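**Student:** One structure follows; several queries about it will come next.
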Amino acid sequence: VQLQASGGGLVQAGGSLRLSCAASGRTFSNYGMGWFRQAPGKEREFVAHTSWTGNRLYYADSVKGRFALSRDSAKTTVYLQMNSLKPEDTAVYYCGAGRPITSSIRSPRSYYYWGQGTLVTVSS
């Protein structure tokens, strides 16, 4: 079971990046996918979540209107399009797979599998 996160990098404030999270090794049937981020010295925080079908999307208030989730038709890859990036978006971004109930999607403990993380650095 593997989740492979990619797409991070260095970008100037106001720029864009697209992160990808590719799942392999098993069938992620009915698994929701979440993105979290962790800045140095801080706890891992929720960024966004998509349901298995992709028709229920949730975002942290801090990224709402700037970030957008999508899922490919095979449901093996989830994308996080990040626009209007700010220096405070700088963090290691992790994708996770799980079956959280709606009230638990913002908790990292609700996700069973995790990718290795990809670093996003936004310069001012």
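The values are calculated or read from the model by the stated rules, or taken from the named source; none is laboratory data. None of the values given here were measured: they were computed from a predicted structure. Cβ atoms come from the backbone with ideal geometry, glycine included; neighbour counts cover every protein chain shown. The protein model used for the area step is the full one, side chains on, heavy atoms only, and it has no ligands, DNA or RNA in it. Shrake-Rupley method; radii C 1.70, N 1.55, O 1.52, S 1.80 Å.
**Student:** Choose one answer from S70, S103, S84: the residue with the largest mean-square fluctuation in a GNM of the chain with alpha-carbon springs under 10 Å.
**Tutor:** Result: S103 has the largest fluctuation of those listed.
**Student:** Which lysines, on any chain, are close to K64 with Cα under 19 Å apart, when same-chain ones fewer than 8 places away are left out?
**Tutor:** K86
**Student:** Now a separate question. What is the sum of charges, Lys and Arg at +1 and Asp and Glu at -1, for the other residues whose Cβ falls under 11 Å from the Cβ of Y58? Before the final figure, lay out each step's value.
**Tutor:** On the way: positive: R56, K64, R106; negative: D61.
Cβ neighbours under 11 Å give a net charge of +2.
**Student:** Pick out, from Q4, S51, L119, the residue whose Cα sits farthest towards the positive end of the charge dipole of the chain, with +1 on the Cβ of Lys and Arg and -1 on the Cβ of Asp and Glu.
**Tutor:** S51
**Student:** Taking only the alpha carbons of the chain, what extent do you get along each of the three principal axes, in Å, biggest first?
**Tutor:** 40, 26, 26
**Student:** How much length, in nm to one decimal, is gained on full extension between S103 and T53, taken as 0.36 nm per residue of separation minus their Cα-Cα distance?
**Tutor:** Values: separation 50, 0.36 × 50 = 18.00 nm, distance 1.78 nm.
Length gained, S103 through T53: 16.2 nm.
**Student:** Along region 43-58, what does the Karplus equation 6.51 cos²θ - 1.76 cosθ + 1.60 (θ = phi - 60°) give for ³J(HN,Hα), rounded to whole Hz, x for Gly and Pro?
**Tutor:** Taking θ as phi minus 60°, the curve returns 6, 5, 10, 5, 10, 6, 8, 10, 6, 4, 7, x, 9, 10, 10, 9 Hz for region 43-58.
**Student:** Can you send over the carbon and sulfur percentage of the accessible area for the chain, probe radius 1.4 Å, protein chains only? Mind dumping the intermediate values first?
**Tutor:** On the way: 2980 of 6360 Å².
Ligands and nucleic acids excluded, carbon and sulfur reach 47 percent.
**Student:** I need the P(r) histogram for region 1-60: all alpha carbon pairs, bin width 5 Å from 0 out to the longest distance, whole percents.
**Tutor:** That works out to 4, 14, 18, 26, 22, 10, 5, 1, in percent per bin.
**Student:** With a 1.4 Å probe and every protein chain left in place, work out the accessible area per residue of region 30-93 in Å², rounded to a whole number. Don't skip to the end; give the middle numbers.
**Tutor:** Working: 3070 Å² over 64 residues.
Averaged over the residues of region 30-93, the accessible area is 48 Å².
**Student:** Related question: Can you give me the distance in nm between label points at E88 and E45, each placed 7 Å from the Cα along the Cα-to-Cβ direction?
**Tutor:** 0.7 nm
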